[in-house]
Amino acid sequence: MDNLFSLGNATFENYVGITSGYTEMAYQMSAHVLTVGFAIMLAALLYFVLTMKTVAPKYRISSVLSVVVMVSAFLLLMIQQQNWTNAFVFDAESGRYFLGSETDQFNNGYRYLNWLIDVPMLLFQILFVVSLTKSTFSSVRNQFWFSGTLMILTGYVGQFYEVTNPTLFFIWGAISTVFFIHILIVMKKVITEGQQGVPEKAKRYIGMIWTIFLFSWMLYPGAYLMPYLFSLGLEPALSEAAVVGRHITYTVADVTSKVIYGILLTLTAQEMSKADGYDYESLSTTS
């Protein structure tokens, strides 16, 4: 890698852009995946706005947080898609897309900024739907905020070293993983307590939330490690396939952990609302 023109602590997407560049397929697939990502967030925003009154007032904060998450994700992911299309320029002679400027690079930092806003709110959401039987709301909330914030910040620092210093990349990734595991432990506790004494249908939804949460959150470390998963070594693979793979993985993870998770929380809140005597369909009919 010593023969590569140094871009400093740029992510490997940019290094691919100055070495082999991107074929038309890889470039367009990445652009389209990023576009689909923010378009889904916009569609989900409408869903959460329109379904807010279908749950009892005490559960609506969860829907409000979903709306905030969708707005944040839509705006920042749209900016990242524009960042991708602006960073690489088509070279007619080779028929490939190369990094157009040393200063206007592709930046995964937009995702981390989005997660820094969204992750605490995603974790807080479930606390406004389920009832804790042993843990206290404030204790769980503070643990979610502390570990969620530090997980994102340490991962953000680590991604700058994925090409220039693999040792630091893995060290920061390992630190981030400690907070990641703590979040999983706390969430599992919330899920277990939340399933107690609720209607059977709500209980099933809460179980599905844990499955979706576990699946989607496990995708993020995979996307973080993507260049090394493709190389199976201690140097990152400067491969366009790894770049496309990362875009797809991050997008699937974002849609699952934000949109599907939020929809399941809404469905749970609707069942809990009915159990509390709040039936929006009957109320809307009588009004």
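The values are calculated or read from the model by the stated rules, or taken from the named source; none is laboratory data. Just so it is clear, the structure is predicted and the values come from calculations on it, not from any experiment. Neighbour counts are summed over all protein chains in view; Cβ atoms, including those assigned to glycine, are modelled from backbone coordinates with ideal geometry. What goes into the accessible areas is simple: the full protein's heavy atoms, side chains included, and nothing from ligands, DNA or RNA. Shrake-Rupley method; radii C 1.70, N 1.55, O 1.52, S 1.80 Å.
Okay, here's what the table says:
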item: Most to least accessible of Met41, Met52 (protein chains only, probe 1.4 Å); result: Met52, Met41
item: FRET efficiency estimate (nearest 0.05) - Cβ-Cβ, Leu46 to Phe137, R0 41 angstrom; result: 0.85
item: Spatial extent of the chain: Rg and Dmax, with the Cα atoms as the point set, Å; result: 21.0, 74
item: Fluctuation leader among Ser273, Ser176, Ser138 - the chain, Gaussian network, Cα springs under 10 angstrom; result: Ser138
item: For Phe170, solvent-accessible area (1.4 Å; no DNA, RNA or ligand), Å²; result: 80
item: Stretchable slack from Leu214 to Asp276, in nm (0.36 nm times residue separation minus alpha-carbon distance); result: 19.4 nm
item: Amide H contacts of Phe88 (H built 1.01 Å from N, under 5 Å, at least 5 apart or other chain); result: Gly100
item: The chain, relative contact order in percent, only Cα pairs under 8 angstrom and at least six apart counted; result: 25
item: Extension reserve of the Ala39-Lys188 stretch, reckoned as 0.36 nm per residue once the Cα distance is removed; result: 50.6 nm
item: Surface per residue (accessible, 1.4 Å probe) for the chain, Å²; result: 45
item: Sites Ser94 and Ser231 - FRET efficiency at Förster radius 22 Å, r taken between beta-carbons, to 0.05; result: 0.40
item: Relative contact order (%) - criterion: Cα under 8 Å, at least six apart; region: region 110-258; result: 20
item: Spin-label model distance (nm) - Ile61 vs Gln28, 7 Å beyond Cα toward Cβ; result: 4.8
item: Amide H contacts under 5 Å for Arg96, placed H, 5+ residues apart; result: Asp91
item: Net charge, Tyr97 excluded, C-beta distance under 9 Å - Lys, Arg +1, Asp, Glu -1; result: -1
item: Residue-by-residue Karplus 3J(HN,Hα) for region 30-40, coefficients 6.51, -1.76, 1.60, Hz, glycine and proline x; result: 5, 4, 5, 4, 5, 5, 4, x, 6, 5, 5
item: Residue of Pro227, Pro166, Pro57 that the Gaussian network model of the chain assigns the largest fluctuation, springs spanning Cα pairs under 10 Å; result: Pro57
item: 11 Å beta-carbon shell around Val163, net charge (K/R +1, D/E -1); result: -3
item: Within a Gaussian network of the chain (alpha carbon springs, distance under 10 Å), most fluctuating of Thr35, Thr51, Thr136; result: Thr136
item: Sulfur and carbon atoms: percent of accessible area, region 43-173 [1.4 Å]; result: 66
